[in-house]
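Taken together, the values in this text are just the output of simple stated rules run on the coordinates, not laboratory data. The structure presented is a predicted model; accordingly, all values stated were derived computationally and were not measured. Neighbour counts run over all protein chains shown; Cβ positions are idealised from the backbone, glycine included.
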Amino acid sequence: MTSLNDARQQAIRRLSQKRAYRSQVQQYLLVNAVLIVIWAATGRGYFWPIWPIFGWGLSLVIQGWKLTHPVRPFSDAEIQSEMER
């Protein structure tokens, strides 16, 4: 019964992380759209919004990678193999 409860808790945690990530992507798009509008309204000089777009976007890519490629726990065979070395 405990393993089923643990699996449920892990699933809930992953769903929460995915929901939070989607929210962050929406915020990223909205904020950067506003920055581009501000840039366009102030004369369209040097495209300074590239810096927050790039920086924040890079962090979202890293977070998305971690979300889609979770670290799996070590198997008993891996642990045993390492102990025998």
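State whether the residues of the stretch 7-30 include one that is of a type in the set (D, E, K, R) and more than 17 Å from the chain's Cα centre (by Cα). Yes, the conditions are met somewhere in the stretch 7-30.
Among the residues examined, residue 12 qualifies as under 26 Å from residue 73 (Cβ atoms) and β-branched (Val, Ile, Thr).
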